[in-house]
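Inspection log for the structure reproduced underneath, given as structure tokens.
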């Protein structure tokens, strides 16, 4: 009998590992000369909310939507009007990947390909959304889902 394929959430190490990743990462963000400006008004619960968002997107249950009362629209709303730059996106991405290595997040090629794919997709959408005057995502729209090879499809702003 063939073993079931684990979710990205399971493969990453679950909630505890993703919370460890975001806690350490956002501590570094606060110390970063440029990124700290973007996140200076961040809630003390921000790192945990982001861990729960990623957990849910990676197949870990409704930690963000049910546990934190979040939604895809709420997450996107945090980026609207921030005018993020490609330089900041790259800095954010590199710091997050560095942190993933430091905490021993799974680094096999298949997981890292899916993980980096999600981060690239999400961070590029964050730039697009940061330049919009209002949230393009409606409250009823579902959370994104990410797996071992799926993409989110084209992002079209109408």
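The values are calculated or read from the model by the stated rules, or taken from the named source; none is laboratory data. Keep in mind that this is a model prediction, so the values were computed, not measured. Neighbour counts run over all protein chains shown; Cβ positions are idealised from the backbone, glycine included.
Quick one: is residue 109 farther than 24 Å from residue 36 by Cα and surrounded by fewer than 16 Cβ atoms within 10 Å (Cβ to Cβ)?
yes
Assess whether residue 76 counts as being in a helix (DSSP H, G or I), at pLDDT below 95 and either within 25 Å of residue 131 (Cα to Cα) or in contact with a strand residue (DSSP E or B) (Cβ under 8 Å, 6 or more places away or on another chain) (or both).
yes
Anything in the range 1-22 that is surrounded by fewer than 16 Cβ atoms within 10 Å (Cβ to Cβ) and either part of a helix (DSSP H, G or I) or in contact with a strand residue (DSSP E or B) (Cβ under 6 Å, 6 or more places away or on another chain) (or both)? List them, or say none.
Those that are surrounded by fewer than 16 Cβ atoms within 10 Å (Cβ to Cβ) and either part of a helix (DSSP H, G or I) or in contact with a strand residue (DSSP E or B) (Cβ under 6 Å, 6 or more places away or on another chain) (or both): 10, 14, 16.
Consider the range 122-142. How many of its residues are over 14 Å from residue 53 (Cβ atoms) and either surrounded by 12 or more Cβ atoms within 10 Å (Cβ to Cβ) or modelled with pLDDT under 90 (or both)?
Result for the range 122-142: 13.
Of all residues in the range 86-109, count the ones that are modelled with pLDDT under 95 and either assigned to a helix (DSSP H, G or I) or within 12 Å of the chain's Cα centre (by Cα) (or both).
1
Check residue 104 against each of (1) under 26 Å from residue 149 (Cβ atoms); (2) surrounded by fewer than 16 Cβ atoms within 10 Å (Cβ to Cβ); (3) touching a residue at least 60 places away in the same chain (Cβ under 8 Å) and name the one condition it does not meet.
Condition (3) is where residue 104 drops out.
Name, by its number, the condition in (1) over 17 Å from residue 13 (Cα atoms); (2) assigned to a helix (DSSP H, G or I) that does not hold for residue 43.
Only one criterion in (1) over 17 Å from residue 13 (Cα atoms); (2) assigned to a helix (DSSP H, G or I) is unmet by residue 43, namely (2).
Can you name the residue in the range 38-71 that is in contact with a helix residue (DSSP H, G or I) (Cβ under 9 Å, 6 or more places away or on another chain) and more than 21 Å from residue 145 (Cβ to Cβ) and is also surrounded by the most Cβ atoms within 10 Å (Cβ to Cβ) among such residues?
So the residue we want is 47.
Could you pull out the residue among 122, 61 that is without any contact (Cβ under 8 Å) to a residue 60 or more places away in the chain and assigned to a loop (DSSP other than H, G, I, E, B)?
61
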